[in-house]
């Protein structure tokens, strides 16, 4: 596992917004008295959704709210790669999958596109709006290659469709997530290949079953 460290440049302070503070208390109330520290993952996620990443002052704020050592919060934030320890793009943060299924389907070309459109990996673009990183399997292998942009999955990507998505985000729009070639879920490209006759599964071929000693219908 790679070493994960906090960003060298940190803000001077962090505070939950009133809305997120209420959400934090809601999460804490889900656990029995004395077990509020179990909400640490949820509170770190709230901090990340508020700022885009988890800064060092946020670790301290979460630790104070939960009454736990800062080091314990630091351990959680550095262990789980879902927490970004450095600033990410404010408009679009792209996580492109580079695991084998995506790679053999063209993820290397997606990486080249991101380098051309945004810049080096793990660096925020000059305007502060975009950044990207390569990640391991995101569980959408049947629709490879794919990438997560912010909180949504975009699948069946090509360099052209990925560039189009980035252009949509640049224009202030949020493109429709999912397959970019129109397939439904993880169905085969072009549509189903089996069970194409509805009567095989719609119940129309079912025969009534009479249970022993069941009364005759009125």
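Relative to the longest principal axis of the chain, what angle (0 to 90°, nearest 10) does the C-alpha long axis of helix 108-117 take? Around 50 degrees separate the two axes. Just to be sure I understand the curve: with the Debye formula and one point per C-alpha of segment 92-179, what is log10 I(q)/I(0) at q = 0.11, 0.14, 0.22, 0.26 Å⁻¹? Each listed q maps to, in turn, -0.24, -0.40, -1.03, -1.46.
When the Gaussian network model of the chain links Cα atoms closer than 10 Å, the mean-square fluctuations of 109, 25, 207 top out at 207. From the alpha carbon centroid of segment 33-49 to that of segment 103-177 is 29 Å. Against the empirical 2.2 N^0.38 Å (N residues), the chain has a Cα radius of gyration ratio of 1.39.
Residues considered: 168, 56, 75. Largest GNM mean-square fluctuation over the chain, using C-alpha springs under 10 Å, is found at 75.
Helix 56-66 sits at what angle to the longest principal axis of the chain, using alpha carbons and giving 0 to 90 degrees rounded to 10? So the helix axis and the longest Cα principal axis differ by about 70 degrees. Between the Cα long axis of helix 40-51 and the first principal axis of the chain there is an angle of about 70°, rounded to the nearest 10. Between 203, 128, 191, which gets the highest mean-square fluctuation from a Gaussian network model of the chain, Cα cutoff 10 Å? For the chain, modelled as a Gaussian network with Cα springs under 10 Å, the answer is 203. With the convex hull drawn around the C-alpha atoms of segment 18-79, the volume per residue stands at 74 Å³.
Each reported figure results from applying straightforward, stated rules to the coordinates on display, with no laboratory input. All values reported here derive from a predicted model rather than from experimental measurement.
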